[in-house]
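The values are calculated or read from the model by the stated rules, or taken from the named source; none is laboratory data. These numbers come from a predicted model, not from an experiment. Counting neighbours? That spans all protein chains shown, and the Cβs are built from the backbone with ideal geometry, glycine included. Heads up: the accessible areas ignore ligands, DNA and RNA and are worked out on the full protein's heavy atoms, side chains in. Shrake-Rupley method; radii C 1.70, N 1.55, O 1.52, S 1.80 Å.
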Amino acid sequence: DAKTTQPPSMDCAEGRAANLPCNHSTISGNEYVYWYRQIHSQGPQYIIHGLKNNETNEMASLIITEDRKSSTLILPHATLRDTAVYYCIVRVADSNYQLIWGAGTKLIIKP
Amino acid sequence: NAGVMQNPRHLVRRRGQEARLRCSPMKGHSHVYWYRQLPEEGLKFMVYLQKENIIDESGMPKERFSAEFPKEGPSILRIQQVVRGDSAAYFCASSPYGSQSYEQYFGPGTRLTVT
């Protein structure tokens, strides 16, 4: 069973920030939070990951709460090409493949 | 630098036939992972391989499914005597450093339809 909880769908206006929440209340101290996305009919694409601190890269920012029980993925200026299913995943530190994938959030960017 | 390649992209098999799915990892990557995805669901891990070795096959069904990653050539996921329940998208991913790699690179997937 998935160890994360995400809303099944969200809408966001093009050009605005998209904020995707994820609950992982049972996360362990050595588990990272990962985000992947899957554009329709394509393979998943890595976005970002973090352990405790907030992280930012060229694609997105990841905000992790102090108690690590939830996080938010932020796409700062959403475009139509960001329409995809976004997966929040927790993984143990020494394994990149024992990922438990939930159903994700279907993000629809509207013009 | 070519990404992960999978072929065929679409495969149709009748019940009882064999399905062979191929995956060529990114150049320089020696770790390959196979996942299965049913419609409207997330990915489920099947098997993790290095060249000539199966590292973890805990997600593979005990019967009819097998995987290999030979010294030369692509990784192969083989499904014998396919049934309708095998219809799914099968994704391959690769990484350069194995389980400590923080990122996996996924291929476009093979969509298997069993009629």
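Worth a mention:
- Scanning region A:16-36 for residues that are surrounded by 22 or more Cβ atoms within 10 Å (Cβ to Cβ), in a strand (DSSP E or B) and not hydrophobic (A, V, I, L, M, F, W, C) yields A:Y34, A:Y36.
- Restricting attention to region B:22-59 and to residues that are within 23 Å of A:R37 (Cα to Cα) and hydroxyl-bearing (S, T, Y), the residue that is surrounded by the fewest Cβ atoms within 10 Å (Cβ to Cβ) turns out to be B:S24.
- Subset of region B:69-115 (residues that are polar (S, T, N, Q) and open to solvent by less than 10 Å² (accessible area, probe 1.4 Å)): B:S75, B:S94, B:S95, B:S101, B:Q104, B:T110
- Considering residues of region A:52-77 that are open to solvent by less than 70 Å² (accessible area, probe 1.4 Å), under 19 Å from A:S25 (Cβ atoms) and touching a residue at least 24 places away in the same chain (Cβ under 8 Å) only, the residue nearest to the chain's Cα centre (by Cα): A:L73
- Of all residues in region A:25-65, those satisfying the criterion of being in contact with a Lys or Arg (Cβ under 7 Å, 6 or more places away or on another chain) and more than 14 Å from chain B (Cβ to nearest Cβ) are A:S25, A:T26, A:I27, A:K52, A:I64.
- On inspection, B:Q17 fails the criterion of being touching a residue at least 60 places away in the same chain (Cβ under 8 Å), out of contact with any strand residue (DSSP E or B) (no Cβ under 9 Å at 6 or more places or on another chain) and either over 18 Å from A:Y46 (Cβ atoms) or not in a strand (DSSP E or B) (or both).
- Verdict on A:R91 being part of a strand (DSSP E or B) and over 11 Å from the mean Cα position of the chain (by Cα): yes
- B:K62 meets the conditions (1) open to solvent by 10 Å² or more (accessible area, probe 1.4 Å); (2) touching a residue at least 12 places away in the same chain (Cβ under 8 Å) in every case but one. The failed one is (2).
- When residues of region A:1-15 are limited to those that are touching a Ser or Thr at 6+ places or on another chain (Cβ under 7 Å) and not in a strand (DSSP E or B), the one surrounded by the fewest Cβ atoms within 10 Å (Cβ to Cβ): A:P8
- The sole residue among A:R37, A:R68 that is of a type in the set (K, R) and modelled with pLDDT under 95 is A:R68.
- The set of residues from region B:1-21 being closer than 17 Å to B:V82 by Cα and either surrounded by 16 or more Cβ atoms within 10 Å (Cβ to Cβ) or facing chain A (nearest Cβ under 9 Å) (or both) comprises B:L11, B:R13, B:A19, B:L21.
- Of all residues in region B:20-51, those satisfying the criterion of being more than 22 Å from A:S41 (Cα to Cα) and touching a residue at least 60 places away in the same chain (Cβ under 8 Å) are B:G28, B:H29, B:S30, B:H31.
- Matching option when the condition is part of a strand (DSSP E or B), farther than 18 Å from A:Q42 by Cβ and touching a residue at least 40 places away in the same chain (Cβ under 8 Å), among B:V82, B:V12: B:V12
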